[in-house]
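All remarks here apply to the structure that follows.
The values are calculated or read from the model by the stated rules, or taken from the named source; none is laboratory data. All values reported here derive from a predicted model rather than from experimental measurement. Cβ atoms come from the backbone with ideal geometry, glycine included; neighbour counts cover every protein chain shown. We work out accessible area using only protein heavy atoms, side chains counted, and drop any ligands, DNA or RNA first. Shrake-Rupley method; radii C 1.70, N 1.55, O 1.52, S 1.80 Å.
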Amino acid sequence: MTIHLEFDGEIHNIVAQQLKPQLTLVIDGVAHRIASLPPLGDGRHRMVFDGREITFARSEDGKGVTVRLDGRSFVIGQVDPFAADADGAAARDSVVAPMPGVVVSIDCAPGDTVAKGQALITIESMKLQQALAAPRDGIVAQIPGAAGSTFEKDAVLVQLEPVEGA
């Protein structure tokens, strides 16, 4: 399962693989082994992360989860790539792969201003081609792949940023 989390203002791709009794999380391409331990109470929790025991505090509100670790607080929220409401604008900054495949063509470049619905990238999966469109108006910030590159389901194919003053 692949999820996208916003952590300290950046979106990270996380692939979860359950390998009993541990969980392996591949975070931005780096694998980490995780095992949870019984909670300590008062919002404090423990886990084993890559063989090292970590104690942290967590709390939830309507916007995400706040984690306090090593004297720092981090707000973590799951990014919904299909959010369409105005409050979900940040979640619509990524064009993600609906299935695994290959990039056929890229119809934009970093720095381009694009309009909602504009074709940005064409992909092929199971011999079917599909153009993926901009989820909103924005500026192309990043295109991680190139024509001919392969990708997995939920991979970020085009990253947008807001248009100044919009």
- request: Filter region 63-100 down to the residues that are on the phi > 0 side of the Ramachandran plot and among the small types (Gly, Ala, Ser), then identify the one that is modelled with the lowest pLDDT.
  value: Gly64
statement: Output for Cβ contacts, cut-off 7 Å, separation at least six or different chains, first residue on the phi < 0 side of the Ramachandran plot and in a strand (DSSP E or B) in region 31-43, second at pLDDT below 85 and open to solvent by 30 Å² or more (accessible area, probe 1.4 Å), reads His32/Leu25; Arg33/Gln22; Ile34/Gln22; Ile34/Leu23; Ile34/Leu25; Ala35/Pro21; Ala35/Gln22
statement: Selection from region 110-125 of residues of a type outside the set (Val, Ile, Thr), under 19 Å from Ala155 (Cβ atoms) and touching a residue at least 24 places away in the same chain (Cβ under 8 Å) yields Pro110, Leu120, Ser125
message: Which of the numbered conditions does Gly145 fail, given that it passes all the others? Conditions: (1) closer than 25 Å to Leu5 by Cα; (2) in a strand (DSSP E or B).
response: (2)
field: Of all residues making up region 10-33, the number that are farther than 30 Å from Ala141 by Cβ and at pLDDT 75 or above
entry: 2
statement: Reported set for region 37-62 where residues are at pLDDT below 80 and of a type outside the set (D, E, K, R) is Gly62
task: Quick one: in region 146-166, of everything that is out of contact with any Ser or Thr (no Cβ under 9 Å at 6 or more places or on another chain) and at pLDDT 90 or above, which residue is most open to solvent (accessible area, probe 1.4 Å)?
output: Thr150
query: So is Ile143 hydrophobic (A, V, I, L, M, F, W, C), surrounded by 18 or more Cβ atoms within 10 Å (Cβ to Cβ) and under 25 Å from His12 (Cβ atoms) or not?
result: yes
- request: Count, please, the residues in region 30-44 that happen to be surrounded by 11 or more Cβ atoms within 10 Å (Cβ to Cβ), out of contact with any Ser or Thr (no Cβ under 7 Å at 6 or more places or on another chain) and of a type in the set (Gly, Ala, Ser).
  value: 2
- request: Spot the failing condition for Ala134; the list is (1) modelled with pLDDT under 90; (2) open to solvent by 70 Å² or more (accessible area, probe 1.4 Å); (3) touching a Gly at 6+ places or on another chain (Cβ under 9 Å), and only one is missed.
  value: (2)
